[in-house]
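The values are calculated or read from the model by the stated rules, or taken from the named source; none is laboratory data. Note that this is a predicted model, so its numbers are computed, not measured. As a convention, Cβ positions derive from the backbone with ideal geometry for all residues, glycine included, and neighbour counts pool all protein chains shown.
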């Protein structure tokens, strides 16, 4: 199977053979940083274009169609405009926190990339608590949002930030519990172990109905966690103008915007890894002809295909469902998702103990 | 037990209605090429299709004899919520020698009009209608004050 693993291994070996270990490690850090920033820039351009096109299709519109063929350079033009715009700091804001907040949100989104496995053997850091690391660090972004809302010295921003806090803290519970369902079946928090456990079929096929329920709850909870419609109470265009980033403009606003899309990518990548097998091709059973045919498709294509499918589903939610009120939002979490996912976790544990999964 | 039944019914109803909505939008997404409603306006200026009920501006209907149906009753002027219409009347002399009220000038302030359609509904003789022209940009706002009756026009015979 063609893989990025050979390339990364060759570069690694060559660096360690040419330079002394410290310099080689520093060069690797620089390469990883450049790749991460490049991925971020590409994600921002591609996902925003995709969002606008998907929304246009669902509303029978055309979407961007002027800049470049089919409007593919629209987001590039928007980004250029945001770069040359003045990054204004209004008087009356807490200057340090106000300028720090977008970077905190962005750095959190960047740190979460570390344990993700983009292709076979293509991973920044295969730490043994990968899933735990992602769930723990991704919840730090609420600090950046609260910081932005508080420092803006604006009642709308503060309301948006407070709502966002309530929302992220409560939805993390059901997201965590549905992630635990897969951890129980796999018995490991390491992402490579989780992917290898799906070699004879993805968990969504192997785990019966409880994994389906966990998957649906995961998708709903991460939609809420990334502050997207129908759970966009932190932004709330219609009531709070733009919520926590009302006062931001130029590149600082762009960082919040980009962080939102990168967060969607990260949660969808985690969902694809846990439930749809990450880079693992579609396998049924072991050593069948079907599996060999599937192996010809590169692992990175599988990973990005699954991730973008989940991103499409989340966009589909956004352009279909009506928004919730804050009390309805908290009702949905505490009265429905949390009890269901608790009972579901018990069911999954029972299945795992009895070895009823395939 | 009924509590659990209601709870599960709630969950089932929610899932079902959300699935219905997602089915509809996915159908739209699949068929967006066939059913798209966007008009590529400046490009298709000649073949532009406007919705039937689109309101552009008020016009006074004239037929080929330069005759209209306005009696100068000022019902439209009274119906207009923001005073965009001003009717100036005169007195015609009928063949029998009687004086009869008639339209002299129909002044229409397009710059104030909100296209609410109330004047058209108020008109007892259907003399005015909403036209679909919409390219109203001018460089002087006085150009937006329009006189709707054409010069030399008169009321059609038989309209009371």
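The set of residues in the stretch A:114-138 that are farther than 18 Å from residue A:302 by Cα and surrounded by fewer than 21 Cβ atoms within 10 Å (Cβ to Cβ) comprises A:114, A:124, A:125, A:126, A:127, A:128, A:129, A:132, A:133, A:135, A:136, A:137. Reported count of residues in the stretch B:29-66, each being within 12 Å of chain A (Cβ to nearest Cβ), over 30 Å from residue A:333 (Cα atoms) and not in a loop (DSSP other than H, G, I, E, B), is 5.
Exactly one residue out of A:250, A:243 is crowded, with 24+ Cβ neighbours inside 10 Å and more than 27 Å from residue A:183 (Cβ to Cβ), and it is A:243.
The residues of the stretch B:78-91 that are more than 16 Å from the chain's Cα centre (by Cα), under 17 Å from residue B:57 (Cα atoms) and not in a loop (DSSP other than H, G, I, E, B), listed by number, are B:86, B:87.
The set of residues from the stretch A:1-23 being in contact with a helix residue (DSSP H, G or I) (Cβ under 9 Å, 6 or more places away or on another chain), part of a helix (DSSP H, G or I) and touching a residue at least 12 places away in the same chain (Cβ under 8 Å) comprises A:5, A:11, A:12, A:15. Can you find a residue in the stretch A:304-313 that is over 27 Å from residue A:189 (Cβ atoms), at pLDDT 80 or above and within 14 Å of chain B (Cβ to nearest Cβ)? Checking the stretch A:304-313: at least one residue is over 27 Å from residue A:189 (Cβ atoms), at pLDDT 80 or above and within 14 Å of chain B (Cβ to nearest Cβ).
Only one entry in A:54, A:46, A:23, A:108 is farther than 22 Å from residue A:251 by Cα and within 19 Å of the chain's Cα centre (by Cα), namely A:54.
Residues considered: B:10, B:43. Of these, the only one that is over 30 Å from residue B:149 (Cα atoms) and loosely packed, with under 11 Cβ neighbours inside 10 Å is B:43. When the stretch A:221-248 is filtered for residues that are assigned to a helix (DSSP H, G or I) and more than 15 Å from the chain's Cα centre (by Cα), the ones remaining, listed by number, are A:237, A:238, A:239, A:240, A:243, A:244, A:245. The helices (runs of 4 or more DSSP H) falling completely within the stretch A:288-358 that include 1 or more residues that are under 24 Å from residue B:5 (Cα atoms) map to A:326-331, A:338-354. Put simply, of A:31, A:37 the only residue that is touching a helix residue (DSSP H, G or I) at 6+ places or on another chain (Cβ under 9 Å), surrounded by fewer than 16 Cβ atoms within 10 Å (Cβ to Cβ), within 24 Å of residue A:250 (Cβ to Cβ) and at pLDDT 85 or above is A:37. Residue-level analysis places residue B:78 outside the set of residues that are in contact with a helix residue (DSSP H, G or I) (Cβ under 6 Å, 6 or more places away or on another chain), within 27 Å of residue B:112 (Cβ to Cβ) and away from chain A (no Cβ under 14 Å). Residues of the stretch A:329-358 that are more than 14 Å from every other protein chain (Cβ to nearest Cβ) and free of Cβ contacts under 8 Å to residues at least 40 places away in the same chain: A:346, A:350, A:353, A:354, A:355. The single condition among (1) closer than 14 Å to residue A:261 by Cα; (2) part of a loop (DSSP other than H, G, I, E, B) that residue A:49 does not meet is (2).
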